[in-house]
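To keep things clear, I will list the structure first and then write my remarks on it.
The values are calculated or read from the model by the stated rules, or taken from the named source; none is laboratory data. These numbers come from a predicted model, not from an experiment. All Cβ positions, even for glycine, are placed from backbone atoms using ideal geometry, and neighbour counts span all protein chains on display. Each accessible area value is taken on the protein alone, full model and side chains, heavy atoms only, with ligands, DNA and RNA left out. Shrake-Rupley method; radii C 1.70, N 1.55, O 1.52, S 1.80 Å.
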Amino acid sequence: MPATRSRLYLEMPVQFLKGVGERRAQLLDRLNIHTAGDLLYHVPHRYDDASTITPIASVEIGQDATVIGRVISKGVLPTRRGLRIFQAVLRDESGMIEAAWPGQPFLDRAIQKNDVLLASGPCRFFHGRQLQPREWVNLGAEDPGNAAGRVLAVYPATEGLTVRQLRAIIEQHLDDLVALVEEPLPDEIRARAGVPGIQEALRLVHRPPSVSDADRGRARLAFDELFFVQVLHRRANATARTPRTGIAFEVKRTLTSHLKASLPWPLTGAQTRSIREIFADMCSARRMHRLLQGDVGSGKTVVALFAALLALENGYQAALMAPTELLAEQHARTLADLLAPLGLVPVLVTASQGTAERRSADARLSSGEPLIAVGTHALIQERTVFGRLGLALVDEQHRFGVEHRAALGEKGDRPDMLLMSATPIPRSLALTLYGDLDVSVLDERPPGRRPVTTVLRRASAHDQVMRFVDREVAKGRQGYIVYPIIEASDKLALKAATTMYEELSSGVLKDRRLALLHGRVGAEERDAIMRAFRDGTIDVLVATTVIEVGIDVPNATVMVIEHPERFGLSQLHQLRGRVGRGAEESFCILVGGGGPDSAARLRIFADTEDGFEIARADLRLRGMGDLFGEKQSGLPAFRVADPIRDEDLNVLAREAATALMERDPDLRAPEHRVLRKVLGQRYARAMELFRVG
Ligand code: ADP
Ligand code: MG
């Protein structure tokens, strides 16, 4: 074998690392590990050490335990079904326990009598207590007393690639890879923040002498992420401050006042405030880049409509872009109702509308006459030309790529931009994420909405829950049943939408009109199904999460979610937002729910309907990745940092970024060479993010 060491580099595809290969590279891909360097940033999510270790004598059946013990006997046992089991008896000063690894007879070679093992996993009943280690390390012939001082790093793993295998891969290459990492932080910044050097930090994280050392290492990596993002923002802001001239609208009160007077209900305080903020922004000569955030049902549409009318009363056009045809149609209908007293009708623009209708829409858009266009991606097609676009509105903006948002903005001469999002995130975080966007928040709900009754049910109550759905349908209501995946596989004993659709159609819900909806259903059929559901010719939608964000079917009163532990809390919140839209009491029923950890998580969800609180909990518990798909949003994902938990570090990072930008805004100084390089490499895509319009 040729020496690979000399050719090792951080951007090397991970596949070429010794011990990885093509198959494992595919598995690593799922963990977002693509290059050798990514391995370094695959950070343990947990550490086991003496403080988490249970004396063997006190391990109880049904418990998940971590123990350290010496192997006092071992062997391979055949079972009747041909499965071979490796077994070892472990002893510490408190007692003994049997440990068993079904199907892993080869461990007989890796584990010797007198070895000390650190093992964790569930304790089951099998002729007494039996530990079935999920994770373990062989600490060799150490004194178990010393071993208690060892720390076991536990990595996020994936099906087909165990924590142990991952740990072995990382361990094998750690020293060589770490040696390649250049220090991006100038000494001064590093000293001020009190964080270790990058090489030391990486070693501490993967091979910590103690858990507090691991924390020190983690803090450094987190600091980097927060600091880098801060630097990017400052640069983005600097760019944004350079001329961003736009249209200076004037409040003429011809249309806007008329709308206000004709609304069927008074605006909420939050709506009034947001409209004021938006108007102030639109009336300034600076181009508006604003994000309107509001929980599902907080009433964003009417706020957007006020903004649109301000554009219209100044002789401009406004365009509202939605991610799906159905949502666009729904908006067109809602706006048509609200605009009827003003004698205005929005113009619908979608890909599936008839040729004649589309031609007439195109003609009106290009004529420049003041109007509100409502549509899908069709609005940004080349053939769509606006004569005088003054305001671009993007609904469910996180469902669009940066390019799409920008494309709509380019349909006019620097029109003002208002992006809307129902994924509520804390304001400070929004600013961190969206750079030069200003933010308006609808943190208040229109009155009169009934809360959705949310309950957690055990998996064993499944049939009972379905009978409840059946009874709701009997009362004339409709419902959703949501599953995390499409097709059942043997490996994942999850109920899949397709399987359950068949089971329910011939079982508990056989008298009901069911439809199946998932990501592999084509867009046209999907729209047809959603329309049928909206029109009441389908009673129950059995679906994956494709069910439309933002869709409004007030007659739907039940949302059943199976395997809720598989969803992020914010995602659950979006799903729950599909019900509770009418006058009847609505229910969100979570069936099953995994272990105690996720039960606690789900209880947070069940106990509040405040989307901001839920988003905060989600961030705290699962990190950024779940709140936004990175691919979709283009957001720089934090791998290590948690902007909420790491608030103190974030403050340090902000200060450091400010100081740096004052001294060397373009990062031209030689001591900033590595930093500039790292930013360019890591955040190439994120740089794009700051281009809004
Ligand atoms: P979202 O923020 O989720 O887009 P919508 O704009 O669709 O919310 O509004 C949700 C519902 O609340 C709609 O049926 C809308 O007519 C209603 N609504 C909006 N504002 C008010 C208000 N101030 N008072 C009462 N109902 C309102
Ligand atoms: Mg909406």
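Taking only protein heavy atoms and a 1.4 Å probe, the accessible area of segment 255-442 is 54% carbon and sulfur.
Dividing the radius of gyration of the alpha carbons in segment 172-283 by their Kirkwood radius gives 1.34 for Rg/Rh. Which percent of Cα-Cα pairs in segment 47-154 sits in each 10 Å bin, short to long? Computed distribution, short to long bins: 16, 52, 29, 3, 0.
Couplings for segment 207-222, taken from phi via the Karplus curve 6.51 cos²θ - 1.76 cosθ + 1.60 with θ = phi - 60°, read 9, x, x, 8, 5, 5, 5, 4, 5, 4, x, 4, 4, 5, 5, 5 Hz in order; Gly and Pro are left as x. Note on the chain: Kirkwood hydrodynamic radius from all Cα pairs is 28.5 Å, rounded to one decimal. Relative protection proxy for 383-389, 181-187, from highest mean packing down: 383-389, 181-187 (other beta-carbon atoms within 10 angstrom). Only Lys, Arg, Asp and Glu carry charge here, each on its Cβ (+1 for the first two, -1 for the last two); on that basis the chain has a dipole of about 500 debye about its Cα centre.
The residue list ALA179, VAL20, GLY354 was ranked by how far each Cα lies along the charge dipole of the chain toward its positive end, using unit charges on Cβ atoms, and GLY354 comes out on top.
The convex hull of the Cα atoms of segment 17-104, projected and averaged over all directions, covers 8.9 nm². Averaged per residue, the chain has 44 square angstrom of accessible surface, using a 1.4 angstrom probe with ligands and nucleic acids left out. Distances between placed amide hydrogens fall under 5 Å for ARG244 paired with ARG287, all partners being 5 or more residues away or on another chain.
Under 5 Å between amide hydrogens, built in the peptide plane, is the criterion, and for ARG134 it picks out SER120, GLY121 among residues at least 5 positions away or on other chains. DSSP beta bridges confined to segment 47-154 are antiparallel in about 95 percent of cases.
Filter the cross-link list LYS411/LYS677; LYS475/LYS510; LYS300/LYS411 down to pairs whose alpha-carbon distance in this structure exceeds 25 Å. Mind showing how you got there, number by number?
Values: LYS411/LYS677 35 Å; LYS475/LYS510 16 Å; LYS300/LYS411 23 Å.
Going by Cα-Cα distance, LYS411/LYS677 fall outside the 25 Å limit.
Ordering GLY82, GLY611, GLY568 by the projection of their Cα atoms onto the charge dipole of the chain, which places +1 on the Cβ of Lys and Arg and -1 on the Cβ of Asp and Glu, puts GLY82 at the extreme positive end. Could you run the Debye sum over the Cα atoms of segment 452-608, one equal point scatterer each and no solvent, and tell me log10 of I(q)/I(0) at q = 0.15, 0.19 Å⁻¹, two decimals? Computed log10 I(q)/I(0) values: -0.73, -1.24. Using the Karplus relation 6.51 cos²θ - 1.76 cosθ + 1.60 with θ = phi - 60°, the per-residue 3J(HN,Hα) values for segment 648-657 come to 4, 4, 4, 4, 4, 5, 5, 4, 4, 5 Hz, with x marking Gly and Pro. Using modelled backbone amide H atoms (1.01 Å from N, in-plane), which distant-in-sequence or interchain residues come within less than 5 Å of ASN314's amide H? Correct list: empty. Translational diffusion of segment 268-402 was estimated from the Stokes-Einstein equation, with Rh taken as the Kirkwood radius over Cα pairs; at 37 °C and 0.692 mPa s the coefficient is 216 µm²/s. Each Cα pair under 8 Å and six or more residues apart adds its separation to the average, and for the chain the resulting relative contact order is 12 percent. For segment 128-219, the ratio of Cα radius of gyration to the globular rule of thumb 2.2 N^0.38 Å stands at 1.32.
Rolling a 1.4 angstrom probe over segment 545-614 with all protein chains present gives an accessible area of which 48% lies on carbon and sulfur atoms. The calculated 222 nm mean residue ellipticity attributable to helices in the chain amounts to -12000 deg cm²/dmol, summing -39500 (n - 2.57) over DSSP H runs of n ≥ 4 and dividing by all residues. The phi-based Karplus calculation (6.51 cos²θ - 1.76 cosθ + 1.60; θ = phi - 60°) puts the 3J(HN,Hα) values of segment 357-365 at 4, 5, 4, 5, 4, 4, 5, 5, 4 Hz, whole numbers, x for Gly and Pro.
Using +1 on the beta carbon of Lys and Arg, -1 on that of Asp and Glu, and nothing else charged, what's the dipole of segment 255-442 about the Cα centre, debye to 20?
220
Secondary structure note: in the chain, about 40% of the DSSP beta bridges are antiparallel.
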